[in-house]
Amino acid sequence: MKACGVSATGVAETVLLSLPEPPPPGPGQVLIEVEAAGVGPWDQLLNTGGWDVGLRPPAALGVEGVGRVRAIGPDVQGISVGDRVVAHEAPLPGGSGFWAEQVLVTAAHTAPVPTALEPVEAAALPVIGLTAVQTLEALGLTTGQRLLITNGGGSTGALAIQLAATAGVEVTATASPSAAERLRECGAAEVVDYHDPAWPNRVQGGFDAAVIAAPGTAVIALPLVRDGGQLCSLTSDAPASERGITSTNLYVRPDAAQLTQLATGLAHGLLRLTPEALPLTEGPAALDRVAAGRTAGRKLVLVP
């Protein structure tokens with residue numbers, strides 16, 4: 001089958017591959033015929049060993065995607081062959097990921113795709129959606145509280161803005177000027193230009209919490225959080241706690257129930273994403289674009 005990933009252990013270069021089909025699904029597993037698969041900065045960690053998801057090279061990258069169920073293993077209930085499902089999977093039970101024509105996943109990590117949701121839209125959702133939901137869940141903010149999000153223009157930040165604003169949280173986001181209007185439409189009360197080195201002085205401090213979605217911004221954001229507030233880093237660089245502030249790193253985990261709610265919200269127009277579909281053959285170039293931050297806030301999605 002066609003795939004895009006790593007050819008051997010210790011080789012970081014992303015290449016096009018021809019792989020054998022995954023093994024038949026075992027207990028609690030399903031085999032998916034992939035229709036679309038998401039690309040994110042985390043995929044760099046997969047092919048450099050920074051995130052161990054059980055890849056067994058030669059293997060496809062990708063920890064999220066959507067497709068039709070092709071085969072079902074023993075002890076799987078509530079899923080039928082032909083169902084369209086979406087999933088975030090880590091570790092990968094088949095040793096290979098979603099950037100391929102087929103992938104083996106844990107049935108309990110899959111969520112049904114609403115009929116109104118196109119595969120490319122669904123494939124853009126799992127990691128950024130679950131990250132946003134789990135971050136806000138960890139912070140536990142309530143109506144009227146104030147939240148700072150760095151890199152609000154990125155796909156994860158923009159989705160977190162939408163979810164937080166819907167919950168009545170007042171959001172200030174850092175982003176480029178070109179993203180400002182889009183983020184205000186997402187619900188941001190204030191958007192500040194991160195290019196301006198004086199931006200921390202241009203916002204009112206005392207935030208109840210900060211979400212760090214841009215590497216290197218945690219130490220800048222921390223002084224803007226009130227005493228006893230919270231900081232949650234999505235970039236593994238949470239600084240030491242001070243002034244009673246809870247400072248933590250968040251690592252996304254599969255959650256079918258949360259993914260089901262997200263997919264339903266997206267299908268009903270309660271959430272909005274801006275995916276960009278590319279053929280699987282452009283996988284290496286897509287990963288380069290993501291690594292360089294050249295996506296203009298769009299979530300890249302590969303289509304086999």
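The values are calculated or read from the model by the stated rules, or taken from the named source; none is laboratory data. Not measured: the values here are computed from a predicted model. A quick note on method: Cβ atoms are made from the backbone with ideal geometry, for glycine too, and the neighbour counts reach across all protein chains shown.
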Condition check for ARG298: under 14 Å from the mean Cα position of the chain (by Cα), more than 24 Å from THR110 (Cβ to Cβ), in the same structural domain as LEU46 (by TED's automatic domain parsing) and among the basic types (Lys, Arg) = yes
request  = Being outside any helix (DSSP H, G or I) and surrounded by 19 or more Cβ atoms within 10 Å (Cβ to Cβ) is the filter here, so list the residues in segment 258-274 that pass it.
outcome  = LEU271, LEU273
key: Cβ-Cβ under 6 Å pairs, at least 6 apart or on other chains, segment 151-173 side under 17 Å from GLY205 (Cα atoms), far side of a type in the set (Gly, Ala, Ser) and surrounded by fewer than 22 Cβ atoms within 10 Å (Cβ to Cβ)   = GLU170/ALA189; VAL171/ALA165; VAL171/ALA189
ask   = Are there any pairs with C-beta distances below 6 angstrom linking a residue in segment 18-30 that is in the same structural domain as GLN77 (by TED's automatic domain parsing) and in contact (Cβ under 8 Å) with a residue 12 or more places away in the chain to a residue that is in a loop (DSSP other than H, G, I, E, B) and exposed (fewer than 12 other Cβ atoms within 10 Å of the Cβ), with the two at least 6 apart or on different chains, and if so which?
value = PRO27/PRO74; PRO27/ASP75; GLY28/ASP75
Flag for VAL113 being among the aliphatic types (A, V, I, L, M), touching an Asp or Glu at 6+ places or on another chain (Cβ under 8 Å), modelled with pLDDT of 95 or more and not assigned by TED's automatic domain parsing to the domain that holds GLY205 = no
query = Cβ-Cβ below 9 Å, separation at least six or inter-chain, first residue in segment 2-13 and farther than 17 Å from GLU64 by Cβ, second of a type in the set (Ser, Thr, Tyr) and outside any loop (DSSP other than H, G, I, E, B): which pairs?
reply = LYS2/SER18; LYS2/THR281; ALA12/THR48
task = Go through segment 1-45 and count every residue that is closer than 30 Å to ASP75 by Cα and under 25 Å from the mean Cα position of the chain (by Cα).
result = 14
request  = Mind listing whichever residues of segment 109-142 are small (Gly, Ala, Ser), closer than 29 Å to SER7 by Cα and in contact with a helix residue (DSSP H, G or I) (Cβ under 8 Å, 6 or more places away or on another chain)?
outcome  = ALA122, ALA124
message = Just checking: which of the helices (runs of 4 or more DSSP H) contained wholly in segment 111-216 hold 1 or more residues that are within 25 Å of GLY62 (Cα to Cα) and of a type outside the set (Ser, Thr, Tyr)?
response = 119-123, 126-139, 155-166
message = Looking at GLY62, GLY38, GLY67, GLY54 in this structure, which one is within 20 Å of SER80 (Cβ to Cβ), among the small types (Gly, Ala, Ser) and in contact (Cβ under 8 Å) with a residue 12 or more places away in the chain?
response = GLY67
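The rows are residues; the columns are (1) assigned to a strand (DSSP E or B); (2) more than 21 Å from the chain's Cα centre (by Cα).
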residue: ASN47; (1), (2): no, no
residue: TRP51; (1), (2): no, no
residue: ARG56; (1), (2): no, yes
residue: VAL66; (1), (2): yes, no
residue: VAL69; (1), (2): yes, yes
residue: ASP75; (1), (2): no, yes
residue: GLY82; (1), (2): no, yes
ask   = Quick check, is ILE220 surrounded by 13 or more Cβ atoms within 10 Å (Cβ to Cβ), touching a residue at least 12 places away in the same chain (Cβ under 8 Å), under 20 Å from GLY154 (Cβ atoms) and not small (Gly, Ala, Ser)?
value = yes
key: Within segment 28-84, considering residues that are among the polar types (S, T, N, Q) and surrounded by 16 or more Cβ atoms within 10 Å (Cβ to Cβ), the one modelled with the highest pLDDT   = GLN29
